[in-house]
Amino acid sequence: MINIILGLLVAYSIWMNPMGDGAQMAYIGAAMNLTALVSNGFQMPVFAPGLTEKKIQERDPFHIHKLGNENSKFKILCDWLNFGYAVFSPGDLLMLFGAFYNITGFQLVKNGQNITLKYEYRF
């Protein structure tokens with residue numbers, strides 16, 4: 001369910017600002033995910049301790065994910081970043097960060113040694 005909500009958020013951000021900096025990050029993240037999917041037979045391998053194929057199938061109604069193994073290709077692009085409630089890929093995080101940036105206009109700016117949050121409202 002969380003994947004569907006996050007996917008809709010990314011799609012909305014790209015629809016609102018398709019050429020923005022955040023959209024470009026989302027495009028790169030989507031390309032990373034597509035690379036992992038295509039190279040693994042259109043299924044995303046998941047690497048998480050204690051995870052079984054049965055648990056994956058229970059939580060994935062579309063059967064896109066599978067348990068990762070030593071034969072999985074592009075493991076660095078697969079789902080391996082475990083946040084407890086969900087396992088994400090680097091491409092997922094890049095798409096989410098891009099969507100957040102694209103919708104809100106927030107960005108981190110380094111001024112000397114300080115990093116501040118800057119808001120820029122644009123249309």
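The values are calculated or read from the model by the stated rules, or taken from the named source; none is laboratory data. Everything quoted here is computed from the prediction, not taken from an experiment. Here the Cβ is made from the backbone with ideal geometry for all residues, glycine too, and neighbour counts use every protein chain on show. Each accessible area value is taken on the protein alone, full model and side chains, heavy atoms only, with ligands, DNA and RNA left out. Shrake-Rupley method; radii C 1.70, N 1.55, O 1.52, S 1.80 Å.
I'm trying to understand the selection: among the residues of region 31-57, which are more than 26 Å from G84 (Cα to Cα) and under 18 Å from the mean Cα position of the chain (by Cα)?
Those that are more than 26 Å from G84 (Cα to Cα) and under 18 Å from the mean Cα position of the chain (by Cα): V38, S39.
Among F88, F83, which is the only one that is of a type outside the set (V, I, T) and open to solvent by 60 Å² or more (accessible area, probe 1.4 Å)?
F83
Considering each of I64, I28 in turn, give the residue that is open to solvent by 60 Å² or more (accessible area, probe 1.4 Å), aliphatic (A, V, I, L, M) and touching a Gly at 6+ places or on another chain (Cβ under 9 Å).
The unique qualifying residue is I28.
The conditions are (1) in contact (Cβ under 8 Å) with a residue 24 or more places away in the chain; (2) more than 13 Å from the chain's Cα centre (by Cα), and I28 fails exactly one of them. Which is it?
(2)
Which condition does V109 not pass, out of (1) hydrophobic (A, V, I, L, M, F, W, C); (2) in a strand (DSSP E or B); (3) at pLDDT 75 or above, if it passes all the others?
Condition not satisfied by V109: (3).
Is at least one residue of region 32-48 outside any helix (DSSP H, G or I), farther than 15 Å from F100 by Cα, small (G, A, S) and at pLDDT 90 or above?
Yes, region 32-48 has at least one match.
Do the conditions hold for M44, that is, is it of a type in the set (A, V, I, L, M), under 18 Å from I5 (Cβ atoms) and buried (at least 17 other Cβ atoms within 10 Å of the Cβ)? Write out each step before concluding.
Values: of a type in the set (A, V, I, L, M): yes; under 18 Å from I5 (Cβ atoms): yes; buried (at least 17 other Cβ atoms within 10 Å of the Cβ): yes.
For M44, the condition - of a type in the set (A, V, I, L, M), under 18 Å from I5 (Cβ atoms) and buried (at least 17 other Cβ atoms within 10 Å of the Cβ) - is met.
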